[in-house]
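Some notes on the structure that comes next.
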Amino acid sequence: WTSVVTSIHLMPEVRPGPERATFQFFDEKAWSNLIQRGGRVGELASRAGANEELERVRAQLAEMRERSRQRLGRRFEMLMGQTHDYDDYGEALIERYVCLGDDFWEDTDTSRQRGRFADITRSADLWANRPEVPLPLCIRDTPGVNDTFMVREQITIGAIRGSRLCVVVLSATQALSSVDLAMIRLISTLESRDIVIFVNRIDELDDPAAATGQIRASIEDTLARHEGPAGVQIVFGSGHWATHALAGDLAGIGADSAAALLRYAAGRPGPAQESGAALLWRLSGVPELCAALADRVETGQGREIAEQVGAGLGNLGRMVEPGRTSGSGPLLRLPPGPGAGAQAAALDRAVTAALGAFDKRLGEARAGFEERVERARRAFLGRATAALLDHLDRFGEEVVWSYDPVGLRTLLRSAIKVHQKSIAVLGQETMAELAGAFDGIAARAHGLPEDATLVTAPPLPPAPPPLALGQTIALDLKGSWWNRFWRKTRGYAAFAERFTALIHEETTPMMDALRTDAAGRYEAEVRAALSEFARAQRALMLGEA
């Protein structure tokens with residue numbers, strides 16, 4: 001029942017202000033909406049006409065709300081929408097807001113404090129001063145997507161939306177249980193280099209060396225069946241081993257865990273004279289995980305930052321007065337004087353023309369994207385309805401039929417990828433056009449050749465993943481409510497009509513989110529990058545920055 005995304009902000013220097021920990025509660029509107037609509041499960045059941053299931057979900061939510069009210073008393077309504085800030089924090093404080101343990105209802109002081117606010121806490125933010133971190137880094141721990149009412153699914157999607165790397169932690173003893181399939185759908189929207197799968201708790205396996213190969217094959221097969229990214233790196237390890245390795249407590253891992261460690265180590269020899277602590281740390285998988293993340297940061301966002309800084313420094317370097325530093329390049333700053341106004345006007349005309357052309361072509365690209373999206377939905381509905389009618393012809397109305405929506409997700413993923421690629425190309429062309437215009441104005445002002453290359457354009461932001469495609473829709477659920485939807489319908493025409501209406505309603509929120517998050521967000525980010533480049537370069541050339 002907890003729905004808490006915990007964000008750990010690692011800061012190169014002390015964060016300004018007194019807050020070191022912040023906990024945000026759900027507001028009353030969100031709670032009321034949850035109760036009335038039943039969360040995502042309630043929405044799905046309502047659209048499918050499964051009124052009994054909807055009422056059952058509402059009853060469960062009402063019970064959850066009442067338990068929270070009893071635990072918090074009159075403070076329950078007062079806490080809605082509030083934020084709690086602390087100058088310091090520790091394990092007990094964090095547990096009070098984000099951990100709802102199995103022993104919560106035990107009548108002890110400890111259990112009464114743990115999770116006291118957990119089911120009304122929406123998010124937790126912790127700030128830690130880490131001077132060795134060169135740039136601010138945020139690590140988010142999401143609660144997963146397998147809660148009863150799918151509240152976590154929406155919150156987790158929101159958390160991943162702002163993240164560049166995702167570590168999916170699975171349990172070795174149930175690496176691909178049904179509760180993880182929703183997460184598999186979600187990560188299927190990401191690129192393989194943006195994901196690392198960490199299979200934890202291999203210390204609980206009798207023979208980790210033999211089991212890991214089977215688990216790897218199972219994960220790769222599941223990803224392939226759900227149209228997931230190929231080549232995702234899978235790391236096996238044990239948080240239990242890592243904890244004891246860091247504490248230097250080898251004896252504390254337990255006899256069964258030690259036996260599993262030795263069997264696992266037999267096929268993974270390390271360096272000569274390796275100590276027991278080093279062996280435990282290496283086989284915990286944490287060093288391999290850290291290396292995988294470091295490589296992705298260095299070749300991903302780290303490289304992007306380096307390219308942006310390099311482009312900016314290059315342009316700044318060409319602002320240096322000739323002769324002031326040895327080997328300085330041509331002057332980019334426009335000379336002041338009577339012609340300064342005309343030069344500023346020329347810059348403004350160039351920016352207006354380039355961005356105006358970008359906006360026009362962007363509108364045309366968006367229209368093409370809208371057509372592809374609607375065409376994908378029509379094609380999926382046509383195939384699904386034909387399959388439904390074929391089922392009815394062969395088996396009649398007594399055999400419940402289901403249809404896998406992976407085809408729809410594949411079509412929509414293709415549509416958004418094509419659109420994002422066209423936006424990237426359009427942005428690159430516009431960026432080059434702006435740089436060329438700035439080059440020409442500076443060259444003419446200083447009597448340089450017209451084809452002189454003076455301005456370096458920075459890279460564009462990467463396209464965000466289409467996370468909306470990973471959210472659960474009615475066709476993903478195979479529970480009793482879907483059976484009731486089937487049993488309540490009679491007549492082939494009624495089946496087709498109701499099914500078409502259901503899928504149209506079900507896919508509309510997903511497609512709207514796709515338009516907003518994956519398409520609209522990227523369009524806005526590229527447009528903002530172009531505007532910022534134009535603004536900053538204009539200011540540099542006119543001596544305003």
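The values are calculated or read from the model by the stated rules, or taken from the named source; none is laboratory data. These numbers were taken from a predicted model, which means no experiment stands behind them. Note that each Cβ is placed from the backbone with ideal geometry, even for glycine, and that neighbours are counted across all protein chains shown. The protein model used for the area step is the full one, side chains on, heavy atoms only, and it has no ligands, DNA or RNA in it. Shrake-Rupley method; radii C 1.70, N 1.55, O 1.52, S 1.80 Å.
When ALA230, ALA209, ALA251 are screened for being touching a residue at least 12 places away in the same chain (Cβ under 8 Å) and either more than 22 Å from LEU469 (Cβ to Cβ) or surrounded by 15 or more Cβ atoms within 10 Å (Cβ to Cβ) (or both), only ALA209 passes. Looking only at region 285-299, decide whether some residue is open to solvent by 40 Å² or more (accessible area, probe 1.4 Å), modelled with pLDDT under 90 and not in a helix (DSSP H, G or I). No, every residue in region 285-299 fails to be open to solvent by 40 Å² or more (accessible area, probe 1.4 Å), modelled with pLDDT under 90 and not in a helix (DSSP H, G or I).
How about region 120-143: which of its residues are open to solvent by less than 10 Å² (accessible area, probe 1.4 Å) and modelled with pLDDT under 80? Hit for region 120-143 is ILE120, nothing else. Evaluating ASP404 against the criteria (1) at pLDDT below 90; (2) in a helix (DSSP H, G or I) leaves one unmet condition, (2).
Could you please let me know if ILE155 is within 25 Å of ALA518 (Cα to Cα), in contact with a Pro (Cβ under 9 Å, 6 or more places away or on another chain) and modelled with pLDDT under 75? Before you say what the answer is, go through the steps one by one.
Numbers: within 25 Å of ALA518 (Cα to Cα): yes; in contact with a Pro (Cβ under 9 Å, 6 or more places away or on another chain): yes; modelled with pLDDT under 75: yes.
So ILE155 fits the description; yes.
Among the candidates ASP221, ASP256, the residue that is part of a helix (DSSP H, G or I), at pLDDT below 90 and open to solvent by 30 Å² or more (accessible area, probe 1.4 Å) is uniquely ASP221.
Residues that are under 22 Å from the mean Cα position of the chain (by Cα) and open to solvent by 10 Å² or more (accessible area, probe 1.4 Å) within region 503-521 comprise THR508, PRO509, ASP512, ALA513, ARG515, THR516, ASP517, GLY520, ARG521, listed in sequence order. Scanning region 334-355 for residues that are open to solvent by 40 Å² or more (accessible area, probe 1.4 Å) and either farther than 23 Å from LEU316 by Cα or part of a helix (DSSP H, G or I) (or both) yields a count of 7.
Looking only at region 416-446, which residues are among the acidic types (Asp, Glu) and either in contact (Cβ under 8 Å) with a residue 40 or more places away in the chain or surrounded by fewer than 16 Cβ atoms within 10 Å (Cβ to Cβ) (or both)?
Filtering region 416-446 for residues among the acidic types (Asp, Glu) gives 429, 433, 439.
Matches in region 416-446: GLU429, GLU433.
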